[in-house]
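What follows is a set of notes on a single structure, which appears directly below.
Throughout, read-outs are computed from the coordinates displayed, never taken from laboratory work. Please read all numbers here as calculations on a predicted model, not as lab measurements. All Cβ positions, glycine included, derive from the backbone under ideal geometry; neighbour counts span all protein chains shown.
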DNA sequence: TGAAAAATGAGCAAAGGA
DNA sequence: TCCTTTGCTCATTTTTCA
């Protein structure tokens, strides 16, 4: 009796959680409920989401808020088709299978080595050609970004929702002095890209010549690791200084290993005899391609957090450069999860005029930073929205009518639940913040269909 | 082919400071 | 009191190396 009750309660709370997640993804509650009834409470969220779409495509959702989720006839067929095709290709279990179709059952998405994307500046040799799937071709152009090293299956799911486009994985260490392994899914042409000038320094010493003075010969680093959202404490600097001071020169291998491990983990640089320190905010701004003092005026910790979450501007600008010739009169941009405006800075540095930017960003500090930069550098219109969930399909249609459509939908959705350094809630694409990816998809699709009606 | 090393947009509670 | 900083958490995946 007790066991049964516990099982029952577990199932109920599991069901509540799944419904909440699906609602967070932008599905109506009753359709989420139906999908769970069809597929079972243990089905993975991706399966449930597919099921809702398949059901909508089949036209059997005679209830619920149709207007928000209405899809054109062609698109319905496409979504259902894609759903079937994928199920076959991935050899996944049919809906209703009690075993969840989680990442472990997805087709692997191998990361390229070296991680150079489709091509790099001044490297025509390695350039590849690609054919976009028919349903991926714009308008609008869109550009999506997230961490490359996500849990298994995440990129397969993201790619499946974003019209089966193959991700472009790029490590920004090929364009600047710091690593940044990211995946980009976009429907932009990849021929005739050009980089921002001047080309950024690609080594630590080129970026910060004065560090050469104290750099020991046994520290082989020439580039930095990924710039993250938090910095090491002063105590670590002290511990390293003590360890080095109480050993010879050069220090024994064991001390070298301890120091190098910490230096790599925290991106420490040599600023004095036996003295390492973390980077300063203006150095991170520089490495990421932002103008000096872009994030100035907020607390140091806030600056590191916002910068750690942002684009590497040179990398993104290289991909966006193809827009310059296409839009000599400027672009209308829908910017989701804008952060401190890496995409906007990239367009500006490319010399692409932004007539309008509709920006969605939850962080008040980030909105303030973007507004400050915009008012100083731009002549176009900036509309700031806080919550992606409040950007309904109706509002999107209104914006599309008002501005004559969006030329670019750009954004990187939250990586909190995907990032390797998250020890607490690395729950994948279904995690609380990372599930906002589904809003990115919803909004791109809403822009697509609103523009199709123009 | 396997084990070990390295890398990674993080998050929490508690201490510290204005 | 509220906000910022610090120490600790020890996961997952890919790459390197024997």
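Is the range A:309-360 best put as rounded, prolate or oblate by its Cα gyration tensor, with a ≥ b ≥ c the root eigenvalues, rounded for a/c under 1.5, and otherwise prolate when a/b is larger than b/c, oblate when not?
Oblate.
At a 10 Å Cβ-Cβ cut-off, how would you order A:169, A:142, A:403, fewest neighbours first?
Going from sparsest to densest Cβ surroundings: A:403, A:169, A:142.
Average the reciprocal distances over every distinct pair of alpha-carbons in the range A:370-434, invert the result, and give the Kirkwood radius in Å.
Every distinct Cα pair counted, the radius reaches 14.9 Å.
Which whole-number percent gives the relative contact order of the range A:280-377, counting Cα pairs below 8 Å spaced six or more residues apart?
That works out to 27 percent.
Find how many whole Å separate the alpha carbon centroid of the range A:303-355 from the alpha carbon centroid of the range A:403-454.
Rounded to whole Å, the Cα centres lie 17 Å apart.
Could you give log10 I(q)/I(0) at q = 0.11, 0.20, 0.22 Å⁻¹ for the range A:138-221, computed by the Debye formula over C-alpha point scatterers of equal weight, without solvent?
Values returned for q = 0.11, 0.20, 0.22 Å⁻¹ are -0.47, -0.98, -1.08.
Considering just Cα atoms, how many Å³ per residue does the convex hull of the range A:261-300 enclose?
That works out to 83 Å³ per residue.
Counting other C-beta atoms within 10 Å, which of A:374, A:215 has the fewest, and how do the rest follow?
A:215, A:374
Taking the Cβ of each residue in A:226, A:176 as the centre, tally the other Cβ atoms inside 10 Å and list the residues starting with the fewest.
A:226, A:176
In whole angstrom, and with the biggest value first, how far do the Cα coordinates of the range A:401-454 range along each principal axis?
If we take the Cα atoms of the range A:401-454, the spans are 46, 15, 13 Å.
Find the all-direction average of the projected area of the Cα convex hull for the range A:306-399, expressing the result in square nanometres with one decimal place.
That works out to 6.1 nm².
Using only the Cα atoms of the range A:204-287, construct the convex hull and provide its projected area averaged over every direction, in square nanometres to one decimal.
Over every viewing direction, the Cα hull of the range A:204-287 projects on average to 5.2 nm².
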